[in-house]
Amino acid sequence: AEFLAPRLRRVRPSPTAVISDQVRALSAAGTDVINLGEGELDFDTPAHIKQAGIDAIVQGDTKYTAVAGTTALKQAIMAKFKRENRISYRPDEVIAGSGAKQLIFNALLATVSSGDQVIIPAPYWVSYPDMVALSEGEPRIVHCLESDGWKLQPEVLAAAITPKTRWVILNSPNNPTGAVYSVAELHALAAVLLEHPQVLVMADDIYEQICFVPGIFATLAEVEPRLKERILTVNGVSKGYSMTGWRLGYAGGPAWLISAMQILQSQSTSNPSSISQAATVAALEQGNEFIAEWIDILTHRRALIMNCVNAIDGLSAEAPPGAFYVFANCQGMSGKTTPSGDILKTDEDFAAYLLQSGHVATLQGSAFGAPGYLRIAYAIDDNRLQEACERITRACRALR
Ligand code: PLP
């Protein structure tokens, strides 16, 4: 430990990775654990996209490319933004990276320094606060309420902004709540942001394709073009194309920021995999008709888990309009006693009980900055999900 740099003290290991380790340990000991902790669709990457990756290998597209992505990929990204979001970016305003995660990290590292504040609405994706801390900035967590549909309210945003605010991070559809901001809600936030020219906005749209209400998705740069020069619109193929392992994300934003991100990338990881880039061109250009079928399947699974949650005394949730998580209120579990005589106090106790007794892995809301809740990722096989629901129900019935 004496060899570790002080900056490492600013970060904690990702809570998702901690759960995955526990699941692996239980599984290795012979326990059949159902994992509802993973932020990943179980669908296979569509065949035509896989084929484009295979073709790239066969054709020898296996060398370094331009750091920010091939010309073909940049064109595909620009066309995607134009077609699906009605945002025009020039080639020097887009970049591809090894996952949206890398792009978000590089954008923060390039712009945040000691004393700068980054507004992060909670519940938040677990990595944002740690990325800000690694950049030596100060995460400024603002709490959103279940009764507001988990959405940041304009007056709350206005009250959180200071002269030191460098960024606001917006994530819609949201991980972990599944909340999706409407055009009107984005307008209201934009009105606040227009007053504060020192603030950049990260629009993390990685779950764009996973919406259960047709047409509800919107992104800030489209809704308020006057803010476009201050917005980094982040997206990728991980969630919408079931390509998490390909590690390919992309972003559009002002040229000065994209250029800074490109410099960081050029001195660290260079271009994202040439093979993944070729596959992503196919993904973005060849249409995503398959998504309608995926949404149907996910709608069915969401109904399964919603019925389960709302039938259990002490658990409740509203059906989330996006992403593939249910963020259930588990405050009613606090104070209950397990069959072995332990008293559940926190959401963490409850998640640990479900794992140890029910053999179902979930994640406690406190990992996302919202104690008293439980994130259930339901993008798994229908039969396994059904089984998980039965296990959760049984485990909860055993509480006194
Ligand atoms: N943003 C959010 C809100 C996420 O949930 C995730 C993945 O879990 C990412 C970004 C990162 O996605 P990628 O696989 O493109 O790095």
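The values are calculated or read from the model by the stated rules, or taken from the named source; none is laboratory data. Model, not experiment: these values are computed from the prediction. Note: ideal-geometry Cβ built from the backbone for every residue, glycine included; neighbour counts use all protein chains shown.
Just a few scattered comments:
- A count restricted to segment 82-122 and to residues that are of a type outside the set (Asp, Glu), within 30 Å of Phe327 (Cα to Cα) and more than 16 Å from the ligand (Cβ to nearest atom) stands at 2.
- Segment 231-245 residues that are surrounded by fewer than 24 Cβ atoms within 10 Å (Cβ to Cβ), paired with ones that are at pLDDT 95 or above and of a type in the set (D, E, K, R) (beta carbon under 6 Å, 6 or more apart): none
- Matching residues in segment 320-350 - criterion: being in contact (Cβ under 8 Å) with a residue 40 or more places away in the chain and surrounded by fewer than 15 Cβ atoms within 10 Å (Cβ to Cβ): Thr337, Pro339
- Among the residues making up segment 360-377, a single one is touching a residue at least 40 places away in the same chain (Cβ under 8 Å) and surrounded by fewer than 20 Cβ atoms within 10 Å (Cβ to Cβ): Gly372.
- Wholly within segment 230-328, helices (runs of 4 or more DSSP H) carrying at least 1 residues that are more than 16 Å from the ligand (Cβ to nearest atom), at pLDDT 95 or above and closer than 22 Å to Arg384 by Cβ: 290-311
- On inspection, Ala218 qualifies as more than 16 Å from the ligand (Cβ to nearest atom) and within 17 Å of the chain's Cα centre (by Cα).
- If you filter segment 139-181 down to residues that are more than 13 Å from the ligand (Cβ to nearest atom) and under 23 Å from Leu41 (Cβ atoms), you find that the one that is surrounded by the fewest Cβ atoms within 10 Å (Cβ to Cβ) is Trp150.
- Residue in segment 247-260 that is without any contact (Cβ under 8 Å) to a residue 60 or more places away in the chain and assigned by TED's automatic domain parsing to the domain that holds Asp205 present: yes
- Restricting the first member to segment 191-210 and to residues that are under 21 Å from Glu155 (Cα atoms) and small (Gly, Ala, Ser), and the second to residues that are more than 11 Å from the ligand (Cβ to nearest atom) and in a strand (DSSP E or B), the beta-carbon pairs closer than 6 Å and six or more apart or on different chains are Ala203/Ile231; Ala203/Thr233.
- Residue count for segment 21-59 under the criterion of being on the phi < 0 side of the Ramachandran plot and free of Cβ contacts under 8 Å to residues at least 40 places away in the same chain: the result is 10.
- Residues located in segment 38-70, provided they are in a helix (DSSP H, G or I) and under 30 Å from Asp296 (Cβ atoms): Ala47, His48, Ile49, Lys50, Gln51, Ala52, Gly53, Ile54, Asp55
- Check on Gly39, away from the ligand (no atom under 15 Å from the Cβ) and not β-branched (Val, Ile, Thr): no
- Residue in segment 297-307 that is closer than 22 Å to Ser366 by Cβ and touching a helix residue (DSSP H, G or I) at 6+ places or on another chain (Cβ under 9 Å) present: yes
- Pairs linking a residue in segment 262-288 that is among the acidic types (Asp, Glu) to a residue that is assigned to a helix (DSSP H, G or I), with Cβ atoms under 7 Å and 6 or more positions apart or on different chains, are Glu285/Ala76.
- Single residue of Ser27, Ser20 found to be surrounded by fewer than 16 Cβ atoms within 10 Å (Cβ to Cβ), modelled with pLDDT under 95 and closer than 15 Å to Ile376 by Cα: Ser20
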